[in-house]
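Below you'll find the structure, written out as structure tokens, and then a few comments.
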Amino acid sequence: MLVSCSLSRKLMIAVLLAVALSCPAAAEQPPRIKVVEVIGSGNIHGQDAATARDLAISYGLVLAVHGVVADLISLDTQVQNFQTLNETLYNHTDQFVGNYKVLAESVSGNTYRVMIQATVLVDTIFQRLSDICVTQTQKSLPSILFLIAEQNLEDAKPKYEWGQGLNRSSIFSKKAMAEEMKEKGFSIIDYETMMQDSNEDFSVFRQDMEDSEVVNLGARLKADVVIVGKSVAQKSPNIMEESTGSFQGHLTARALSTETGAEIASTVQTFTVMNRDDLVGSKEALTGAGILAGKELSSQIASVWLEKDNTLQKLKIFVEGTRHLGNFVSFKRILNGFPGVKQMKTSEVKANEATLIVVFNGNAEKLAETLMSQSFDSFEIKLHETSEDSVRLELLSR
């Protein structure tokens, strides 16, 4: 049975312990960030301009965080989970903005406006979205096949689920990785079920395969990505309590695209746990390493996949007049439902202007024609320019 989104208290404690005791074998990749420029505003009550300025900054930081959220999840997902996003992210922008500076500020009547440059922590937002089970719902995340060899304490040699002499025993690290990535919106291919449904003889695949063979097997099983790796459980000295054993789960994994054969993600994880029972402790160590690896690979693969070129046209829409946020949100919602629009995300947000990246079944001219033929309730579109791969337009309030 799949692990629910709400982790048990025991598992949560184990995860926290792993973070404290883990010893990565490779240097970590720098976290992804995004620098954006946004405008925030606040109303001046009486002569209290200072409070209005603080409100303007707060509003601007919400816009900065929202811009990254819009890159990671679809508009429909945002609408369905708006209350959760508001309570978890938008009310706590200090947790997701590394730093910011006020580039300019101005008072117009009783309105205080600031232009802010903010450094938004993309990976931190992605992880929080995963933690609250608000994940990418567009059909853009790939299908995953796992080929993980695992050696537990009682195993004389690693266990496999493929090739000759395959082992049906549970691969704890692989199961944890699969459950973690499925919760984040990935489609998981069950190797054994695929073998039973196919007339091909998959036993000819060796247990220790070259990358080209791994990619071949993944393609034959209709996987977009194959995650191949090894995990091992070891008992380590415990200086804290003699009657309790200390166990470490080590996992190394790489993700290969079956389309190109290229490595698109990798991770090395170590999870440490203490338990009086050797078998239970080693299982928890392998499971913990799998959870950590699943989180890391989900982030890396999703980032690569959402940027992946395909046979459709990837076009830019430069949208002016975004200061009226309600119009901009309505425009994006309607655009996302247009026939031929397969994917849409916000690429950049500036003062009163934003850049959208749209994967569209057609060229920029066709997209412009589709936009101009659409009727909007609260605003109209003024088309400024159309080039080979971009459209520039302006949203004008009615």
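Has region 275-285 got at least one residue that is β-branched (V, I, T) and under 22 Å from the mean Cα position of the chain (by Cα)? No; the residues of region 275-285 include none that is β-branched (V, I, T) and under 22 Å from the mean Cα position of the chain (by Cα). Of all residues in region 352-388, those satisfying the criterion of being closer than 24 Å to V62 by Cβ, aliphatic (A, V, I, L, M) and touching a Lys or Arg at 6+ places or on another chain (Cβ under 8 Å) are L356, I357.
So, in region 87-108, how many residues would count as being in a helix (DSSP H, G or I) and under 20 Å from T346 (Cα atoms)? Full working, then the answer.
Pass one, region 87-108, residues in a helix (DSSP H, G or I): 87-88, 90-95.
So of that shortlist, the ones also under 20 Å from T346 (Cα atoms) come out as 90, 93.
Total meeting the criteria: 2.
Considering region 152-197, and only residues there that are of a type in the set (S, T, N, Q) and buried (at least 18 other Cβ atoms within 10 Å of the Cβ), the residue that is modelled with the highest pLDDT turns out to be S173. Out of all the residues in region 128-147, is one or more more than 30 Å from A255 (Cβ to Cβ) and not in a loop (DSSP other than H, G, I, E, B)? No, that holds for no residue.
Against the definition (surrounded by 15 or more Cβ atoms within 10 Å (Cβ to Cβ) and either in a helix (DSSP H, G or I) or not β-branched (V, I, T) (or both)), how does S330 come out, yes or no?
Details: surrounded by 15 or more Cβ atoms within 10 Å (Cβ to Cβ): yes; either in a helix (DSSP H, G or I) or not β-branched (V, I, T) (or both): yes.
Spelling it out, S330 is indeed surrounded by 15 or more Cβ atoms within 10 Å (Cβ to Cβ) and either in a helix (DSSP H, G or I) or not β-branched (V, I, T) (or both).
So, in region 309-327, how many residues would count as being assigned to a loop (DSSP other than H, G, I, E, B), surrounded by fewer than 18 Cβ atoms within 10 Å (Cβ to Cβ) and touching a residue at least 40 places away in the same chain (Cβ under 8 Å)?
Going through region 309-327, the residues assigned to a loop (DSSP other than H, G, I, E, B) turn out to be 309-312, 321-324.
This time we only want the ones that are surrounded by fewer than 18 Cβ atoms within 10 Å (Cβ to Cβ), so: 309-312, 323-324.
This time we only want the ones that are touching a residue at least 40 places away in the same chain (Cβ under 8 Å), so: 310, 312, 323-324.
Residues that pass the stated criteria total 4.
Inspect all residues belonging to region 88-106 and state whether any of them is among the basic types (K, R) and touching a residue at least 40 places away in the same chain (Cβ under 8 Å). There is no residue in region 88-106 that is among the basic types (K, R) and touching a residue at least 40 places away in the same chain (Cβ under 8 Å). For region 74-86, state whether one or more residues are of a type in the set (S, T, N, Q), part of a loop (DSSP other than H, G, I, E, B) and assigned by TED's automatic domain parsing to the domain that holds A293. The answer is no; no qualifying residue exists. When Q47 is tested against (1) part of a helix (DSSP H, G or I); (2) of a type in the set (S, T, N, Q); (3) surrounded by fewer than 17 Cβ atoms within 10 Å (Cβ to Cβ), exactly one condition is not met: (1). Restricting region 342-358 to residues that are buried (at least 19 other Cβ atoms within 10 Å of the Cβ) and farther than 18 Å from M115 by Cα, the residue that is nearest to the chain's Cα centre (by Cα) is K345.
The values are calculated or read from the model by the stated rules, or taken from the named source; none is laboratory data. All figures in this text were calculated on a predicted structure; none of them were measured in a lab. Quick reminder, even Gly has a Cβ in these numbers, built from the backbone with ideal geometry, and neighbours come from all protein chains shown.
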